[in-house]
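J.: Provided herewith is a single structure, encoded as structure tokens, for subsequent inquiry.
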Amino acid sequence: MAIRPRQIFSLLTLGFCIVITPASASTGETLKSLHKMQTTSLAILADYYMFSGLDGDSRYSRAMDTGIKQFDASLKGLTLENPNTNTAELANIASGWQYYKELIITNRTDIITQGYANAHLVSKLEGKAIELSTKLGQSYEELQTSHPTSVSKWTQYSRKMAVIIQKITAEYTARSANGSGLVVASKVHVINDGGMGKQVKVFNNLLNRLKKAPKTTRAIDKNIDQLSVKWAFIEKSVTNYNENTVPFIVNSYAERITKSLTAIGDHYN
């Protein structure tokens with residue numbers, strides 16, 4: 001029997017609520033895994049659109065494979081972090097990811113073998129990516145809200161920014177690939193709530209907050225400064241996404257920005 005998305009989310013939330021108590025040492029690691037899974041799922045989607053928009057460029061095929069391995073590892077890690085979680089529940093959680101992964105592989109294969117992907121399957125792929133990201137984000141927020149001291153505010157800022165930059169990149173690359181005529185992304189407008197312009201403003205607001213973080217080491221000070229420089233390099237392109245799109249640059253810098261944000265988040269965690 002197929003597992004509905006609502007059931008997957010309910011089981012996910014139930015599993016965490018059963019296992020994690022306020023004193024649980026695994027709460028922070030679970031939050032970290034959920035965040036990693038969310039950003040990875042979005043990065044895979046962006047890499048898919050880069051792959052389709054650049055005539056099957058193999059570097060993005062490899063990037064998708066790397067992302068898939070990372071998501072699988074994070075999902076497996078949840079089992080290790082929460083040994084008492086019902087394995088059937090985790091299997092149901094994994095089914096949503098499995099469907100998304102199968103859609104990635106199918107659409108990629110179609111591009112390789114026939115030069116284009118099925119528009120319906122591309123739409124399903126994007127819908128599943130959005131659904132998976134949303135549910136992971138909701139699970140993260142519920143767990144973090146019930147254990148507010150498990151993550152510092154600086155880590156929270158950096159993680160929110162990482163999700164935003166990945167959502168922006170996914171939509172930006174989707175629009176670029178759609179413009180090439182190789183794919184049809186009927187749901188592209190729903191990736192970013194309120195549109196990319198609004199998310200740019202939210203990102204800038206969070207960046208201004210993050211700049212006030214205590215500079216405990218020279219390395220973290222440099223990292224935050226470099227983050228601002230990297231973002232400034234693509235901000236205009238993202239804001240004016242309908243003019244002279246540069247998906248390669250946006251995707252590349254978004255990856256670097258996400259790595260910087262991860263390092264910053266880990267530092268203050």
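Each reported figure results from applying straightforward, stated rules to the coordinates on display, with no laboratory input. Quick caveat, the model's predicted, so the values are computed rather than measured. As a convention, Cβ positions derive from the backbone with ideal geometry for all residues, glycine included, and neighbour counts pool all protein chains shown.
J.: Test of understanding: what is the full-extension gain from Thr79 to Lys222, defined as 0.36 nm times their sequence separation minus their Cα-Cα distance? Display every interim value, and only then the final one.
T.: Numbers: separation 143, 0.36 × 143 = 51.48 nm, distance 3.57 nm.
Extending this stretch completely gives an extra 47.9 nm.
J.: Do any chymotrypsin sites (Phe, Trp or Tyr not before Pro) in the range 91-136 lie in a DSSP loop with no more than 16 other beta carbon atoms within 10 Å, and if so, which? All intermediate terms of the calculation are to be shown ahead of the outcome.
T.: Working: sites: Trp97, Tyr99, Tyr100, Tyr116; in loops: Tyr116.
In loop regions of the range 91-136 (DSSP not H, G, I, E or B), the sparsely surrounded chymotrypsin sites (Phe, Trp or Tyr not before Pro) are Tyr116.
J.: Which of the pairs Lys167/Lys211; Lys160/Lys215; Lys69/Lys153; Lys32/Lys222; Lys124/Lys201; Lys101/Lys236 have their Cα atoms more than 27 Å apart in this structure?
T.: Values: Lys167/Lys211 22 Å; Lys160/Lys215 20 Å; Lys69/Lys153 29 Å; Lys32/Lys222 23 Å; Lys124/Lys201 29 Å; Lys101/Lys236 32 Å.
In this structure, Lys69/Lys153; Lys124/Lys201; Lys101/Lys236 exceed 27 Å between Cα atoms.
J.: Given the range 40-178, what whole percent of its Cα pairs are spread farther than 21 Å? Don't skip to the answer; put the middle values down first.
T.: Details: 4437 of 9591 pairs.
More than 21 Å apart: 46 percent of the Cα pairs in the range 40-178.
J.: Restrict the search to the range 229-258; then list the GluC sites (Glu not before Pro) that DSSP places in a loop and that have at most 15 other Cβ atoms within 10 Å of their Cβ.
T.: Details: sites: Glu235, Glu243, Glu255; in loops: Glu243.
Listed in order of number, the matching sites are Glu243.
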